[in-house]
Every structure is written in C-alpha cells, then in structure tokens.
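Novice: The structure's right below; bear with me while I get my questions together.
Where a number appears in this text, it was derived from the coordinates with a stated rule and is not lab data. Predicted model only: the values in this text are computed from it and were never measured. All Cβ positions, glycine included, derive from the backbone under ideal geometry; neighbour counts span all protein chains shown.
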Amino acid sequence: MYTKIDEIAPDVFRLSTLVADVAPGGFAFNQFLVRDEQPFLFHTGMRQLYPLVSDAISKLIPIEDLRWISFAHVEADECGAMNLLLADAPQAEVVHGGLACMLSLNDLADRPPHVVGGPDLNPTLERLAELRPSTLALMHGSSYAGDGATQLRALAAGYAAMLADAA
C-alpha cells in the first residue's frame, strides 16, 4: 500500500491511498494539500494511514510547516490522524465550524481548534460556484475536472430540495 501524489491544480495536491481490502477493487482515501505560504491540509486520513500520508506530505512540504488542518466532518477517515499531525506540526491549527468544535473538536483535538463562522451551506456553495472552478476534490475516488460551477449549483439545489422536503 502506498499514497500516490497528484497535482490536481497549481500547488494543490491529492494524496490518495488505495486500501484494497475495504471493497471490491479497493477504496481510495484522499487528502488534499494546498502548498502555500500557510500550507493547508483538508482531511487527515485515518490513524492507521498516517505513516503513508505523513510521508507524502513531507515530499511536498516540511511537515512542521503545516499551518491549517480541516475536514468535512468528524469521522475517522476524515480526521483520525488529526492529533498525530498536531504533534508533528507544532504551528498547525485545526479550523472548523462552531458546531463541530462545540460538539466534538474542543474535546478531541489536542490543541484548541480555531472556530470559523458557520455560514449557510447554499450561499457558500454559490460563492464557490462564482469562482468557476475547473477541479473539484472528492474524498473518495477521482477528482472532478470540468464545469465545477454547474456541479456546485446542482449540489446546492439538491440540498435545498432535501430541506424543503424535510420541512
């Protein structure tokens, strides 16, 4: 097993580990590293994958230079290696919305997380769509290349429909 590194946009890298025995054909676990003045990692991966993921990160930046860590939600494949990264990257901070911090991260993270405002999902998706992205990073599987704005707006419409049905 190894972690493959692909540059999916300028200075944006997908770190992908295919775990063969999870499902027929395997199952990919992806992390995304933005190499910048303040490097940002989205998804930490599971604790068991940390040796592979940290090795991949260190091929792109010194791991101790990592500044920001975040993830979509609190689940082992999204943030299981969070504290291992915090130990290896002394300046890194976990950044997440207030609800996740209050319910889980204030207790789980070895250092207090940095809370960001929890804006409504649909306006956030619209602001992202306005950037007209040509690549969308997915947690499992390949990254999407194409008209990202249309895909984000379709996602927002789907969420709006689900909320309307629930109401």
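Novice: Looking at the square roots a ≥ b ≥ c of the eigenvalues of the Cα gyration tensor of region 1-118, which shape do they give, rounded for a/c under 1.5, prolate if a/b is larger than b/c, or oblate?
Specialist: In terms of gyration-tensor shape, oblate.
Novice: When the chain is treated as a GNM, springs tying every alpha-carbon pair under 10 Å, which of THR44, THR124, THR17 comes out with the largest mean-square fluctuation?
Specialist: Evaluated over the chain, the most mobile residue of the options is THR124.
Novice: Listing GLU93, GLU37, GLU78, GLU7 from the residue with the fewest other Cβ atoms within 10 Å to the one with the most, what is the order?
Specialist: GLU37, GLU7, GLU93, GLU78
Novice: A further question follows. What fraction, in whole percent, of alpha-carbon pairs in region 119-167 exceed 12 Å separation?
Specialist: The answer is 64 percent, as a whole percent.
Novice: Can you tell me which of GLY148, GLY97, GLY25 moves the most in a GNM of the chain? Springs connect C-alpha atoms under 10 Å apart.
Specialist: GLY25
Novice: Here is a further query. Among MET82, MET46, MET102, whose mean-square fluctuation peaks in a Gaussian network model of the chain (Cα, cutoff 10 Å)?
Specialist: Looking only at MET82, MET46, MET102, the largest GNM fluctuation is found for MET102.
Novice: Please go through region 60-167 and write out the chymotrypsin sites (Phe, Trp or Tyr not before Pro) that DSSP classes as loop and that have at most 14 other C-beta atoms within 10 Å.
Specialist: none
Novice: If you don't mind, there's one more thing I want to ask. Report the extension gain between LEU121 and VAL34 in nm, rounded to one decimal, defined as 0.36 nm multiplied by the number of residues separating them, less their alpha carbon distance.
Specialist: In short, 29.1 nm is gained.
Novice: May I pose another question? Looking at the chain, do any whole DSSP H helices span at least 20 angstrom along their long axis by alpha carbon and average -0.5 or above on Kyte-Doolittle, and which?
Specialist: In the chain, the long hydrophobic H runs are 148-166.
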